[in-house]
1. Local charge sum around LEU28 (other residues, Cβ-Cβ under 14 Å, Lys/Arg +1, Asp/Glu -1)?
2. Counting pairs of alpha carbon atoms under 8 Å apart in space and at least six apart in sequence, what relative contact order in percent does region 108-244 give?
3. Mind putting a number on the dipole of the chain about its Cα centre? Charges go on the C-beta only, +1 for Lys and Arg and -1 for Asp and Glu, and I need it in Debye to the nearest 20.
4. Calculate how steeply helix 42-52 sits against the longest principal axis of the alpha-carbon atoms of the chain, using the helix alpha-carbon long axis, and give the answer as 0 to 90 degrees to the nearest 10.
5. Within region 172-200, find all residues whose amide N lies under 18 Å from a label point positioned 7 Å from the Cα of VAL211 along Cα-to-beta-carbon.
6. Mind pulling the angle between the C-alpha long axis of helix 216-243 and the longest principal axis of the chain? Nearest 10 degrees, somewhere in 0 to 90.
7. Around ALA172, with a cut-off of 15 angstrom between Cβ atoms, what is the net charge of the other residues, counting Lys and Arg +1 and Asp and Glu -1?
8. Can you compute the FRET efficiency between ASP133 and VAL91 using 1/(1 + (r/R0)^6), with r the Cβ-Cβ distance and R0 = 41 Å? Round to the nearest 0.05.
Amino acid sequence: MTTSAVATRPGWPTTIIGAARRLGVVTLAGAVVGVLVGGVGGRLAMLLLARLNPEVDGRQSDDDFTMGQVSGATFNLLFFAMLIGIVGGAVYLVLRGLMVGPRWFRVVSMSVGPAVVVGSQIVHTDGVDFTLDPPLLAVAMFVLIPGVYAALLTVLAERWLADDSWLLRSPAWLAGLPLLLWIPVAPLLIPLALGFVALEAVRRTDAGATVLARPVWPNVARGLLAVVFALSLVGLIQDTATIA
């Protein structure tokens, strides 16, 4: 990138407002999909397991939710799912530039990864959640939930991030309103903001812009994600084999 190209970059205020708009969009998308898929979907999955295993009705799950009953803990689950959803939206925004291929491949690749990586963190061999019959049903559902979340997030976020999206063309205060959802997890915004500022500062220098423009960096990032995916897949397979 030439010096003139660097000099013509938008000023810091314009760049920050644009980034806040995009973060607001994925925050809203992540919250909506998180509540619907993680919250409602997770609650329905637990209800199904409780119906198939009536002896555990009323018992506490490993995450301290009452099995087979809609109680005050259900609202905690919805709130927790919303928070996970908005964090997932931010992760999506960070990784969005690494997507390749046609739209269907992007949706598939962005859903399979979280299904395996997040699923490997949810599925465990101790406790009661994955000792219910049929054992593989619980594994399948709680691997499917993050995968469906990521797929729907990709579709919804890309639609709302389009140049002609009403969200991106709305007043700045309205586009940034979803950022209030970050209040319960505000400390997580600090590394995100610092990383963005540092990367943008490097990009605004001639040498930094030239280095960052090299195609090797996205490939390195994709390679690291592939390693995380492979390790998570091995762990998920091992836990599933133990449960089965």
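Each value in this text was obtained by applying a stated rule to the coordinates, not by laboratory testing. Treat the numbers as computed from the prediction; the structure is a model and nothing was measured. Here the Cβ is made from the backbone with ideal geometry for all residues, glycine too, and neighbour counts use every protein chain on show.
1. Values: positive: ARG21, ARG22, ARG159; negative: GLU158.
Here the charged neighbours net out to +2.
2. Details: 86 pairs, mean separation 52.8, N = 137.
Averaging sequence separation for qualifying contacts and normalising by length gives 39 percent for region 108-244.
3. Working: 15 positive and 14 negative charges, 237 e Å.
Dipole size: approximately 1140 debye.
4. So the inclination is approximately 20 degrees.
5. Answer for region 172-200: 195-200.
6. 0
7. +3
8. Values: r = 34 Å, r/R0 = 0.83.
That pair, ASP133 with VAL91, gives E of 0.75.
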